[in-house]
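The values are calculated or read from the model by the stated rules, or taken from the named source; none is laboratory data. These numbers were taken from a predicted model, which means no experiment stands behind them. Please note: Cβ atoms are built from the backbone with ideal geometry, for glycine as well, and neighbour counts cover all protein chains shown. Side chains are part of the model used for accessible areas, which takes the heavy atoms of the whole protein and leaves out ligands, DNA and RNA. Shrake-Rupley method; radii C 1.70, N 1.55, O 1.52, S 1.80 Å.
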Amino acid sequence: MQEPHIASAFDRDLEGIQAMIMKMGGLVEAAITSAAKALETRDEELAEQVRKDDKLIDALEEQINTEAARVIALRSPIATDLRTVLSVMKIAANLERIGDYAKNLAKRTSVLVQMSDVEGSAGAIRRMAKEVELMLKDALDAYIQRDVALAENVITHDHEVDQMYNALFREFLTFMMEDPRNITACMHLHFIAKNIERMGDHVTSISEQVIYLVSGELPDESRPKGDYMTDEE
């Protein structure tokens, strides 16, 4: 049993780390929104800002990991407390990867603005990105509230993102077959859609960490992935 003053210190440390997680989550949500908007409006400046802001996300992950390691070393948390610290580190890692995918989206936007627009594609990408952003918001809310039902709902929604991706993939194939001049642009758009689909996977991982944090057990792996191509690093 921890001494009261030690438990109180741990709680303060944890509050600080959780505040950083929420700040990081807010930056990642903004990155998803801005990257999708930059693509739709063909805004190179906004795309470049997303790329620059990714450094802030990376720095926060490093700060969270450093602080979590310090807490483990100083407080020697056990049981639920240790699970909490480990979950924080895994959530931070997932947020960092989502930020990387948003940066990848912004990079390809800078290339796509030099090409002819593929009708309807940017709007479809934006809708898919919006779905992932809402999932992320719910996943972070589930973490703060320790809400297993909300976390499970997020995991269910990932199937919808997968369906949106598969529909876009088929649409891009059609565009490429109808007019070979669309091939290069559609390949870039496909990788953007794939990056967003991967974002959804990482949001799902965050939700799984919430379930683990509350219950001590990870949910069963029952999400078959029908990937057509591998994701882009």
Exercise. If we keep just the residues of the range 105-131 that are of a type in the set (Asp, Glu) and part of a loop (DSSP other than H, G, I, E, B), which is surrounded by the fewest Cβ atoms within 10 Å (Cβ to Cβ)?
Worked result: GLU119
Problem set entry | Residue within the range 186-194 that is part of a helix (DSSP H, G or I), of a type outside the set (D, E, K, R) and closer than 27 Å to MET89 by Cβ present | no
Exercise. Looking at SER8, is it under 20 Å from the mean Cα position of the chain (by Cα) and open to solvent by 10 Å² or more (accessible area, probe 1.4 Å)?
Worked result: no
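For the range 75-104, enumerate the residues that are among the hydrophobic types (A, V, I, L, M, F, W, C) and either in a helix (DSSP H, G or I) or open to solvent by less than 60 Å² (accessible area, probe 1.4 Å) (or both).
Residues of the range 75-104 that are among the hydrophobic types (A, V, I, L, M, F, W, C), as a first pass: 78-79, 82, 85-86, 88-89, 91-93, 95, 98, 102.
Correct list: ALA79, LEU82, VAL85, LEU86, VAL88, MET89, ILE91, ALA92, ALA93, LEU95, ILE98, ALA102.
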Exercise. Right, LEU134: farther than 20 Å from LEU86 by Cα, open to solvent by 50 Å² or more (accessible area, probe 1.4 Å) and either of a type in the set (A, V, I, L, M) or under 17 Å from the mean Cα position of the chain (by Cα) (or both) or not?
Worked result: yes
Exercise. Looking only at residues in the range 150-187 that are open to solvent by 70 Å² or more (accessible area, probe 1.4 Å) and touching a residue at least 60 places away in the same chain (Cβ under 8 Å), which one is nearest to ILE211 (Cα to Cα)?
Worked result: GLU152
Problem set entry | Residues satisfying the stated conditions in the range 26-46, i.e. open to solvent by 80 Å² or more (accessible area, probe 1.4 Å) and outside any helix (DSSP H, G or I) | ARG42
Problem set entry | Tally, over the range 191-209, of residues that are open to solvent by less than 10 Å² (accessible area, probe 1.4 Å) and either within 17 Å of GLU29 (Cβ to Cβ) or at pLDDT below 95 (or both) | 8
